[in-house]
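Asks: The structure follows.
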Amino acid sequence: MKINTISDSVFVLSRVNYGETDRILTVLSAGHGKLSVIAKGVRAGKSKLAGGIELFAENKLVLLKGKGDLYIVTSSRMEKYFGDIAKDIDVSTYVYECLKMINKLVPVGSGDEYYEPLKNLLEALDKNKIPLAQIKIWFGLKVLRNLGSTPNFITSYKSQDLPRDGKFEYDFDKHCFFENPRGIYFADHIKILRHLDKTTKPIEIKGAVGDTTEQTSHLVHLLIREHVQ
């Protein structure tokens, strides 16, 4: 029997005004992946739907199957609001970039594997206790893993174990580090990547130098950029 109604927790990836009072949203749901939904009358003065389709929040939606891939929001409830994110321009800008990236990477009907990493990301940024650069590295590595493009942090392209010290460069074609006396990366960069790649939630790496984490974050950004054009 075909199911026409679903109930799921979601994060809003994008919102577009439609008509006089409606709004079309793209959401990432926990159990159904990316969905396109319409909230009818939500921009009217006393809409009961408005409070449950917020950005920077985990929302619970009940959806009725409409035409094509579009679902109609029949009820909405905010489950958790990550309000501190909006108070920091750097943090909120980064979250917008992440939502846009997921929206671009994920086809409709798939992508539920991004739900928990996104939730853990918002929780960490809302608490604002971990350096932003370290959180960026952690989330970027989770995105790369979901894409099947996790870099090799263990061996060089010659399948040799990377030494515990020295200088390194990153080979973007072979997706690994290699020794180079003029390299811009050190063992500490690789240690950060190895450590954060293993954790299910963002954690702070005590003693990590700011310049080192910024450089590592930039490298992860470059690796993701290969997939998001």
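Coordinate-derived values only; no laboratory data. A quick note: this is a predicted structure, and the numbers were derived from the prediction, not measured. In this analysis, Cβ positions are derived from the backbone assuming ideal geometry, glycine residues included, and neighbour counts consider all displayed protein chains.
Asks: List the lysines whose Cα lies under 27 Å from the Cα of residue 167, skipping any in the same chain that are fewer than 8 positions away.
Replies: Straight-distance partners of residue 167: 136, 142, 158, 191, 198, 206.
Asks: Let me ask another. With each pseudo-label sitting 7 Å past Cα toward Cβ, what's the residue 167-residue 7 distance in nm, one decimal?
Replies: For residue 167 paired with residue 7, the spin-label model returns 6.1 nm.
Asks: Cross-link partners among aspartates and glutamates for residue 40, C-alpha distance below 14 Å, same-chain residues fewer than 8 apart left out?
Replies: Hits, sequence-local ones excluded: 20, 22.
Asks: Can you tell me what share of the DSSP beta bridges in the chain is antiparallel? A percent to the nearest 5 is fine.
Replies: Restricted to the chain, the bridges split so that about 90 percent are antiparallel.
Asks: Also: How large is the helix-only mean residue ellipticity at 222 nm for the chain, computed as the sum of -39500 (n - 2.57) over DSSP H runs with n ≥ 4, divided by its residue count, in deg cm²/dmol to the nearest 500?
Replies: Helix contribution divided over all residues of the chain: -10500 deg cm²/dmol.
Asks: Another question, then. What are the ³J(HN,Hα) couplings of the range 171-180, residue after residue, when phi is run through the Karplus curve with 6.51, -1.76, 1.60 and θ = phi - 60°? Round to Hz, x for glycine and proline.
Replies: Per-residue couplings from phi come out as 9, 6, 7, 9, 6, 7, 8, 8, 5, 7 Hz.
Asks: Right, something else. Shape call for the range 36-81 from the C-alpha gyration tensor, a ≥ b ≥ c root eigenvalues: rounded (a/c under 1.5), prolate (a/b greater than b/c) or oblate?
Replies: The shape class here is oblate.
Asks: Which FRET efficiency value, to the nearest 0.05, is calculated for residue 179 and residue 203 with the Förster distance at 25 angstrom and r the Cβ-Cβ distance?
Replies: Step by step, r from the Cβ atoms, then E = 0.30.
Asks: Considering Cα pairs under 8 angstrom that are at least six residues apart, work out the relative contact order of the range 9-107 and quote it in whole percent.
Replies: RCO, the range 9-107: 25 percent.
Asks: Then there is this: Let me know the charge dipole size of the chain about its Cα centre in debye, to the nearest 20, where only the beta-carbon of Lys, Arg (+1) and Asp, Glu (-1) is charged.
Replies: 760 debye
Asks: From the Cα gyration tensor of the range 1-150, with a ≥ b ≥ c the square roots of its eigenvalues, which class applies: rounded if a/c is under 1.5, or else prolate if a/b is larger than b/c, or else oblate?
Replies: Oblate.
Asks: Classify the range 101-196 as rounded, prolate or oblate from the Cα gyration tensor: take a ≥ b ≥ c as the square roots of its eigenvalues, call it rounded if a/c is under 1.5, otherwise prolate when a/b beats b/c and oblate if not.
Replies: Oblate.
Asks: What aspartates and glutamates does residue 129 reach when the alpha-carbon gap must be under 14 Å and sequence neighbours fewer than 8 apart in one chain are set aside?
Replies: Reachable aspartates and glutamates: 84, 88, 204.
Asks: I need the phi-derived Karplus couplings for the range 21-37: 6.51 cos²θ - 1.76 cosθ + 1.60, θ = phi - 60°, integer Hz, Gly and Pro marked x.
Replies: 9, 8, 8, 9, 10, 10, 10, 9, 9, 5, x, 10, x, 7, 9, 9, 9
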